[in-house]
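Okay, so here's the structure we're looking at.
The values are calculated or read from the model by the stated rules, or taken from the named source; none is laboratory data. Please read all numbers here as calculations on a predicted model, not as lab measurements. Neighbour counts run over all protein chains shown; Cβ positions are idealised from the backbone, glycine included. Ligands, DNA and RNA are excluded from the accessible area calculation, which covers all protein heavy atoms including side chains. Shrake-Rupley method; radii C 1.70, N 1.55, O 1.52, S 1.80 Å.
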Amino acid sequence: MGKIADMYYMVNPWIVSEKGFEKSRSEVSESIFSLANEYMGIRGYFEEGYSGETLIGSYFNGVYENSPKENHVKYKGIVARSHFMVNAVDWLYTRIWCDNTPLDLANAEIDNFERHLDLRTGILIRSFHWKPNKETKVKLIFKRMLNMEEVTQGYQTISIEALEGEANLTILMGVDFNMLHKGEGQNFWQEQVKSANHDSATMIAETITTKQKIYAGFSIVASKSLDTRIVERDKFIGLKFNVKLKESEVFSVERKATMIVNKTGINEENLNQTGSQALKSQVSFNIVFERNRKYWENVWSKEDIQIEGDTRNQQGIRYCIFQLHQTYHGQDPNHNIGAKGLTGEAYGGLAFWDTETCCLPFYLLTNLAAAKNLLEFRYYTLSQAKERAKQLDCEGACYPIATLNGHEACDLWQHASLQFQPSTGVAYGIWHYVNVSHDKEFLYSHGIEVLIEISRFLVSRGAWSANGEFGFFGVMGPDEFQMMVNHNAYTNYMAKRTLEYTIEVLEEMKAIDRTNFHSALEKCGLLEKEYQSWQVCAEKMVVLKDENGLIEQHDGFFKLPQLDIHSIPIDEFPLYDHWSYDRIYRNNMIKQPDVLMFLFLYNQSFGLAEKQVNYEFYEPKTIHESSLSPSIHSILASELGKDQEAYQFFEFATRMDLDNFNRNTREGLHTTSIASAWMNIVYGFGGVRTDGKELMLSPTIPEKWESYTFKITYQERLIQVTVDRKAVKISLLRGDTIKVQIYHEVKEITNIPLVIDTRK
Ligand code: BGC
C-alpha cells in the first residue's frame, strides 16, 4: 500500500509527547495536538505567534460560510455554491516580548522544548527555555484545555520564570477574528461590538454571508497586579501589560475564555449579555482541570481498549478514541462528524457517509444516545435532502455527499449527482441503530419518515430495464474510480435493503401502532399502494453474481482492462495528484471497498464462502486511496482467518495520524478513519457483529499481542471482553444476564465471567 510510518512522537500508553521542536513538522503537530469538546476545536498552534509554516485553526461545530465563488457550471442539479466550516477566532492570541525581542519559535534561540498531550485529562502542556538575549534566559510553560462539560469555555495558563538574568516582559493577550481561512485565502468575519476593561475583553463578530455570530470574551488573573492597557484593532481586542522579573522569579497568568455561538440571529446586545454573564461565572483552571480529569476517567471506564504487549498500538488506539470522543459525543443533534473533525480545513469540515458507515458503530457500542443524535441530525435535515432530490429531478430525499447544514456542499457533480451511498447509508444507520437499541419509538416517529423519503428517492432515481429488471443507471458507488456505471452492486444492494426495511417497518407499524402508521403516511403523503409497489423494485433489483457467488461490482466490471496495481510506482501515489483525472477510470483498479463494503455492513446476510470468493477477487485490485479502506479489509480478512493479512491492514490503522502514514496529517486528523481503527479492533480482532439478532463475538488475537481488552455497552449491559493467547473472558460489568453468540454458539453471560478457549 506504500504507506510508511514517520515515527516521531514519544511512545507512551497515555501521553503523546514531542521532545525537541522540529520546524518541518510544525503543522503536523498542530493537528496532532488538537483539542476539542464537540462544541469547538482548536489546533495545537503556538498561541504566541509563529512566522513559520502554520495553520492557526479554531473551529466551531456547525459554524460555516458559503463559498465566495459560485460554481461556473450552471447546469441543473450541479451544486451552485458550496459551504465549509469556517476558521473562526483565535481566543488564545498571545504575544510576548522580552526586552523588545518578540518570541517566535521560528527563529528564537530555544532549548528543552517539550509538548505533552495527556489523554487522561485532555490537557496540553508545552514548555521550553528561551534566550532572548545574551544575559537573559526564561522558562515558559503554556497550558491549555477546553472544558468538557461547560463546552463554551476554554482555558490557558502561561508561566514565565527568569532562569538567568532579569526579564523585562511585555505581554499582549487578546481575541482575534482576523483568522485567515487558508483554503479560501481570506477572512470571513466582520466585527460587531467589542469592549474591554482592565482585566477582561470581549468581542462579537459575525460571518459575512451566513450571519452566524460568535461571542468571544476572556478575563485574566495574574500572580502580580497588572497595569493593563487596552489594545484595539479591526476584529481584535486585547490587553497589554509589562512584567519585570528578577532572576528566579516566576510570573503566571491564567486566561478564562468563553465562546458562545449563535446561529439563530439573536441581537448583539442579548448575546453580549449572555456572554458576559457566562464569563463572570467561569470557575478557575484548576477546578475545571479536576472536573475534566473525572470526565475522562468516566469516558475511559467505558470506552478504553487495553492492549498488552504492544505499546505503540496501545497509544494509537487511545489517541483515536480520545480524538473521536473530543470530536463528537452526542452533545447536540445539530452536530455531525466532519471527515477531519474539528482539526483542520481539509474536506471543508464536512460530514460524509463515513458517519453512518464508519463512525456509528463506535457510538452504538459505547454511547447509544450519541448514536441516536447522529441519526436525528439526518431527521432535522430531511427537508434539505428533499430539496436536493428535486434538483436531481427525483422524488423523496437524497442525502448529501458532504454537508454541514444538510444542503449538498459537494460541487463535484460526479460525486454529488451520482453517488447515493449517503442516502442508503442513512437508512442503514437507522436499521443498525434499531437493531442494536430496539428503539421503536425513534423508528416510528422520526426514523420512518426518513426511510420513506429515501425509499421514494431510490424508486424515482432507479429505473426498469427492457427485460424487467430494476436498478440504478449512470451512478458511482463507493469505488470512485468507476463513474457513470450501471447496476453498481453496492448501490443496488443497499437500495434493495432500504426498500425492504421501509416496507417491513410500515407493515409492522400498521399491525401494532396504527396511530404512528397513519401519521407517517399522512406526513409523507404516502398511500399504502405506493409503498407496497416498492416491493417489486426490491425483488427485481439486479445484483450481478456468478455461480460461485462472485458479485460483479457493476455491469461490465469483469470486462474492464486489467491493471496490476503493484506495477504502479510508489511515487505516483496519491494517484489523484499524479494521474490525469480520467486515467483512473480506464481499468479495473478499485479505490476502496465497494462489494466488500456491503459484505461488511450486512455481514450476517452473506455466507463465509461468498465473502471469501469476493475478498479474494477484489482485495488484489484495491489501492486503498481512501483511509477508510484498509480497516474494512482487515475486518473481513480476520473473519476469513487470514490473520497475517488482517494484521498488515491493521498496522497503520491506529497510528494513521500519529505516524503520518498518508503524509497529510498537517491538513487535519483523519477523524472518520480513526473510527475505523476502533472497528478494526472490536469488529476485526474481536469479531463483534451487531447486524444479527444477538450480539456476536468471534475473537482472535494478533500474534504480536499478549492480550487485549475492550468494553462495549449493549442493550444497557456493560460487557468487558479480554482476549489472550489462550482464553477469551467475557464479563458482565453492569446489567442483567444476556444471551450472546460466541464463535457462533449461543451462550449466556451472567455475573460470573464466561471463559472459553481462544480460536486459533
Ligand atoms: C472517500 C469517501 C469518503 C471521503 C471522506 C474520500 O476519499 O472516497 O468515501 O467519504 O473521502 O472521508
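Worth pointing out:
- In the set (1) farther than 19 Å from residue 671 by Cβ; (2) within 16 Å of the ligand (Cβ to nearest atom), the condition left unmet by residue 387 is number (2).
- Flag if residue 640 is more than 16 Å from the ligand (Cβ to nearest atom), hydrophobic (A, V, I, L, M, F, W, C) and closer than 21 Å to residue 475 by Cα: no
- If you filter region 391-429 down to residues that are within 19 Å of the chain's Cα centre (by Cα) and part of a helix (DSSP H, G or I), you find that the one that is nearest to residue 503 (Cα to Cα) is 428.
This table checks each residue for (1) touching a His at 6+ places or on another chain (Cβ under 8 Å); (2) free of Cβ contacts under 8 Å to residues at least 24 places away in the same chain; (3) within 16 Å of the ligand (Cβ to nearest atom); (4) hydroxyl-bearing (Ser, Thr, Tyr).
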site: 404; (1), (2), (3), (4): yes, no, yes, no
site: 407; (1), (2), (3), (4): yes, no, no, no
site: 421; (1), (2), (3), (4): no, no, yes, no
site: 474; (1), (2), (3), (4): no, no, no, no
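- Residue among 542, 536 that alone is open to solvent by 40 Å² or more (accessible area, probe 1.4 Å) and touching a strand residue (DSSP E or B) at 6+ places or on another chain (Cβ under 8 Å): 536
- In summary, residue 53 fulfils each of the numbered conditions (1) over 22 Å from residue 123 (Cβ atoms); (2) of a type outside the set (Ser, Thr, Tyr); (3) crowded, with 21+ Cβ neighbours inside 10 Å with the single exception of condition (3).
- Pairs, first under 17 Å from residue 663 (Cα atoms) and open to solvent by 10 Å² or more (accessible area, probe 1.4 Å) in region 627-639, second within 16 Å of the ligand (Cβ to nearest atom) and in a helix (DSSP H, G or I), C-beta under 7 Å, six or more apart: 627/673; 628/354; 628/358; 628/672; 628/673; 628/676
- Some residue of region 320-330 being in contact (Cβ under 8 Å) with a residue 12 or more places away in the chain and over 13 Å from the mean Cα position of the chain (by Cα): no
- Condition check for residue 412: within 16 Å of the ligand (Cβ to nearest atom) and open to solvent by 30 Å² or more (accessible area, probe 1.4 Å): yes
- Scanning region 604-612 turns up no residue that is open to solvent by 20 Å² or more (accessible area, probe 1.4 Å), hydrophobic (A, V, I, L, M, F, W, C) and within 15 Å of the ligand (Cβ to nearest atom).
- Sole residue being basic (Lys, Arg), within 27 Å of the chain's Cα centre (by Cα) and under 23 Å from residue 376 (Cβ atoms), chosen from 497, 456: 497
- Selection count where residues are closer than 18 Å to residue 430 by Cα and touching a Pro at 6+ places or on another chain (Cβ under 8 Å), scope region 600-618: 1
- Residues located in region 31-76, provided they are more than 25 Å from residue 411 (Cα to Cα), more than 20 Å from the chain's Cα centre (by Cα) and among the hydrophobic types (A, V, I, L, M, F, W, C): 46
- The set of residues in region 583-603 that are within 16 Å of the ligand (Cβ to nearest atom) and out of contact with any Leu (no Cβ under 7 Å at 6 or more places or on another chain) comprises 585, 590, 591, 593, 594, 595, 597, 598, 601.
- Residue check for residue 313: more than 30 Å from residue 723 (Cα to Cα) and in a helix (DSSP H, G or I): no
- Meets criteria (among the aliphatic types (A, V, I, L, M) and closer than 20 Å to residue 66 by Cβ) for residue 203: no
- The residue list 632, 674, 681, 623 contains one member that is in contact with a strand residue (DSSP E or B) (Cβ under 8 Å, 6 or more places away or on another chain), at negative phi, aliphatic (A, V, I, L, M) and within 16 Å of the ligand (Cβ to nearest atom), which is 623.
- Among the residues of region 329-341, those that are within 22 Å of residue 87 (Cα to Cα) and either in contact with a Leu (Cβ under 8 Å, 6 or more places away or on another chain) or open to solvent by 10 Å² or more (accessible area, probe 1.4 Å) (or both) comprise 329, 331, 332, 333, 334, 336, 337, 338, 339, 340, 341.
- The condition (being in contact with a strand residue (DSSP E or B) (Cβ under 6 Å, 6 or more places away or on another chain) and open to solvent by less than 10 Å² (accessible area, probe 1.4 Å)) is satisfied by just one residue among 718, 697: 697.
- The listed residue being more than 13 Å from the ligand (Cβ to nearest atom), surrounded by 24 or more Cβ atoms within 10 Å (Cβ to Cβ), not polar (S, T, N, Q) and not assigned by TED's automatic domain parsing to the domain that holds residue 60, out of 375, 368: 375
- Restricting attention to region 351-365, the residues that are under 11 Å from residue 679 (Cβ atoms) and either open to solvent by 10 Å² or more (accessible area, probe 1.4 Å) or more than 10 Å from the ligand (Cβ to nearest atom) (or both) total 6.
- Checking each residue in region 653-694 for being buried (at least 24 other Cβ atoms within 10 Å of the Cβ) and aromatic (Phe, Trp, Tyr) picks out 678, 683, 685.
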